[in-house]
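Just so it is clear, none of the values below were taken in a lab; they were calculated from the coordinates. A quick note: this is a predicted structure, and the numbers were derived from the prediction, not measured. Glycine gets a Cβ as well: all are built from the backbone with ideal geometry, and neighbour counts include every protein chain shown.
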């Protein structure tokens, strides 16, 4: 192998890295430039300082975290409950649900928001049922819960629960049924078997599924946009608003830098927890 | 199945609960969306008339264009992402472990980043010279490539990890040139994994909204953007109709690409198990 | 365990630890257990023996409460537990792959059942220590299951089952995951443990007849969901009640015979039956339900047969004449195959004797005490 040969191989190997550098790293470098640029020339933390001083950013950060944490906690509870039911109680539709979990990743999240609008929206199915079919007095004319915090949480729970179910189902699959039998043979009640034998085996899957869920709910945008939520502004929504509605690219870039740092930090923790998880 | 819950009554109760929760949380939204796409008038609890007008309208004019734009963007972006991802995965295995971890991180990073930020970064970067792509279809494709290359990369990596040991060296020792080994041995063995990555990438691209909405040019509105602008204007049923077509197209593309038991895959699996 | 515990325990009045009455289990079209009766006394070791699919594991799982019977009752002591969930039965269970809880240390595994019973902590610690000591695992109390060898894991599984001090211990193929030398050690170990806990009843499922003979006070042989034999190992070996049992224990010669009517009664005091085979009358013992007349089987073990000169006198006149087909030296013994009329007879003799030549005419003889007439079932 000559020098020239090795050089050409290195060049060939670096092509995808160069491409990714141009279409991914370069944009983020320019994003940083935009965020740090001072209007008069030069660089500084001016834009950041202005953003961080305002209430909008802090509100958006808290809204993002609140929604993501609430949705993730609900996903964890609902996802493990459904996974346990699929595994231990064969109910009609359980198999279909188990398979649905695998393709869920591929469908766009914002469609859930649209569906829920028809279901629970201002003129949705549930409200109409309430007033017309059941003959009950109309709920006060205010907007449905759907267009606030709980609507976003509901939509995110609907969409992201499978992301918890998948690893939990996989973990349940490898639990030795003899262990469950021995445990109940030793006198442990079903709830105790669940708590003392099944749950410890699920912990790594719950950590993995929960972290992924948290990351994705923090980054979620389509659901909130399509649902038309006005009073809940998350970080992605704030970026969108600053850039598209206000044309304030420096501010949008600064918020985006903060959001990216938050997400990458979370992702790093997630990867670490995956590596530390046994088996 | 009954190793945990021995009482039949409790099993039935839990089965009922599972069914109801599944129906309400997962079944009902999908059904409602489909129902909305064929609803003529929907002022009471259920639509009073049904119609295919929305579905038919969604196959014409701006909406058909949007579906086509999504499909075309998805196909092109998927192919580019596959090349990029497979190339990257094949190249990265030649590097020492620390370098490889760095390359992994680079390829996987876009998955962790909010799509809106990716859209904004691309918008900011390509509105400046030297790469002035703002307002072009190319920028839409680039955006989607950035978003889905990670999946192609991980799939290709998984395939490489499962390559039969030393099969490439064997081909090389039989006198095949490196390029021939790649085309005749390595890539065919990776094909099932790339196929799965293609299916996932296409589906993700066709449903992408967060980044696309930041950078789409007026002449290249994709289906998700169209759905958003329809519903934002209050045309909910039309939005539902486009959604149903988008889901149908995505699903068909998935089935076409990710057939679990394509003849080629069966042959490969057989060869691998040595039967 | 040569002696049956009944002779020593003196608990004849107490209800059996386990009583199974007319138990049937049906899976769809398949009848896995067909009206099975079984009773296990305190201190008794009962082996459920049979091929895979014979129903032995189904019977054990029904007793443990994991398989719902289609019909019949199960009693533990005087309590009917047919409809009780497994956790209410209090039986110790040991399975083939040990099923230790991977996230718990050895001592925590052994404490599992006691904690489920909410026993006070000092008592748990005492009991755990006692059974770890008894199984020789005390020095491994802080280890995790994956740090143990197969044999050690099995000891922990046994300690865990014994720690709840169950009235009966159920063992499902407990040694089949171990290799042969370790299996012999564990059998010794199980016998020793039982000697320390003489009141514990044991139900032991296996497909291996040497294991069954080594550990069982009683062997219950199952085939196709039914009990085909139930008795002391020695009796089942020496006087098999039917063809299946005779074939399962050792490679008995089974020769078709016709029982001569009336002979069973005539010499009833010595339990002898006369039967015709080829053109000879031979004498043999009769098994419990041997037919009184007509077609039956004569069972003689290969090592109970002798090869003689063609004109030799034989006791009771029990002999068959035939031609040597093959003769093979097997180390300590030799195996001679003799064709006598329609029957092929296998004979095992000491290697010290001269190896017969194939084709030679010989007389195969046997004592009436070593031959059993049994029903052809």
Exercise for review: Can you tell me the FRET efficiency between residue A:99 and residue A:58 if r is taken as the Cβ-Cβ distance and R0 is 45 Å, rounded to the nearest 0.05?
Suggested key: 0.55
**Study point:** Distance in nm between pseudo-label sites at residue C:258 and residue B:128 (7 Å out along the Cβ direction from Cα)
**Key:** 11.3
Check your understanding: With each pseudo-label sitting 7 Å past Cα toward Cβ, what's the residue A:66-residue B:180 distance in nm, one decimal?
Key -> 6.7
**Study point:** residue A:26/residue A:128 FRET efficiency (R0 56 Å; Cβ-Cβ; nearest 0.05)
**Key:** 0.60
Point to revise | Kirkwood Rh, angstrom, the range B:159-224 [1 / mean 1/r, Cα pairs] | key: 14.8
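Normalised by the number of residues in chain A, what is the relative contact order in percent for Cα pairs under 8 Å and 6+ residues apart?
The normalised contact order for chain A reaches 29 percent.
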Check your understanding: Stretch residue C:346-residue C:182 to full length: gain in nm at 0.36 nm per residue minus the Cα-Cα span?
Key -> 55.8 nm
Review point. Which ordering of B:195, B:93 is given by a fewest-first count of other beta-carbon atoms within 10 Å?
Key: B:93, B:195
Review point. In deg cm²/dmol and to the nearest 500, what is the mean residue ellipticity at 222 nm of chain B if only DSSP H runs of at least 4 residues count, each as -39500 (n - 2.57), divided by the residue total?
Key: -22500 deg cm²/dmol
**Study point:** 222 nm mean residue ellipticity, helices alone, for chain C (DSSP H n ≥ 4; -39,500 (n - 2.57); rounded to 500)
**Key:** -7000 deg cm²/dmol
Review point. Regarding the range A:1-74, what is the average projected area of its C-alpha convex hull, in nm²?
Key: 9.9
**Study point:** Cα-based helix-to-principal-axis angle, C:180-196 vs chain C, degrees rounded to 10
**Key:** 70
Exercise for review: Treating the angle as unsigned and between 0 and 90°, give the value, to the nearest 10°, between the Cα long axis of helix C:106-116 and the longest Cα principal axis of chain C.
Suggested key: 80
Point to revise | Förster radius 25 Å - calculated FRET efficiency between residue C:192 and residue C:129, Cβ distance, rounded to 0.05 | key: 0.85
Review point. Would you list A:260, A:126 from fewest to most Cβ contacts within 10 Å?
Key: A:126, A:260
Review point. Does anyone have the angle between helix B:137-161 and the longest principal axis of chain B? Alpha-carbon axes, 0 to 90°, nearest 10?
Key: 60
Study note, to complete from the structure: Ratio for chain C, C-alpha Rg to 2.2 N^0.38 Å, reads 1.18
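Only Cα pairs under 8 Å and at least 6 apart count here; give the relative contact order of chain C as a rounded whole percent.
15
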**Study point:** Overall dimensions of the range C:243-374 as given by Cα atoms, namely Rg and Dmax in Å
**Key:** 14.7, 45
Check your understanding: Using the count of nearby Cβ atoms within 10 Å as a rough guide to exposure, how do C:51, C:211, B:168, B:226 rank from fewest to most?
Key -> C:51, B:168, C:211, B:226
Practice item. Report, to two decimal places, the Cα Rg of the range C:172-216 normalised by 2.2 N^0.38 Å (N = number of residues). Key: 1.11
Review point. How high is the relative contact order of chain B, given as a whole-number percent (alpha carbon pairs under 8 Å, six or more residues apart)?
Key: 27
**Study point:** Backbone N under 13 Å from the residue B:13 label point (7 Å along Cα→Cβ), restricted to the range A:179-219
**Key:** A:191
Study note, to complete from the structure: Averaged over all viewing directions, the convex hull of the alpha carbons in the range A:1-44 casts a projected area in nm² of 4.4
**Study point:** Rg [Å, one decimal], Dmax [Å, integer] - chain B, C-alpha atoms
**Key:** 23.4, 74
**Study point:** At q = 0.12, 0.17 Å⁻¹, base-10 log of I(q)/I(0) for chain A (Debye sum, equal scatterers on each alpha carbon)
**Key:** -0.95, -1.31
Practice item. With runs of 4+ DSSP H residues as the only contributors, calculate the mean residue ellipticity of chain A at 222 nm using -39,500 (n - 2.57) per run, divided by the residue total and rounded to the nearest 500. Key: -22500 deg cm²/dmol
Check your understanding: Counting DSSP beta bridges with both partners in the range C:6-238, what percentage is antiparallel, nearest 5?
Key -> 55
Review point. Hey, could you pull the Cα Rg and Dmax for the range B:8-50, both in Å?
Key: 15.0, 45
Review point. Given that compact globular proteins tend to follow 2.2 N^0.38 Å, what is the ratio of the alpha-carbon Rg of the protein assembly as shown to that value?
Key: 1.30
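Thinking of the range C:98-163 as a set of Cα atoms, what percent of all their pairs are more than 16 Å apart?
So the portion of pairs separated by more than 16 Å is 34 percent.
Quick check on the protein assembly as shown: of the DSSP beta bridges with both residues there, what percent are antiparallel, nearest 5%?
75
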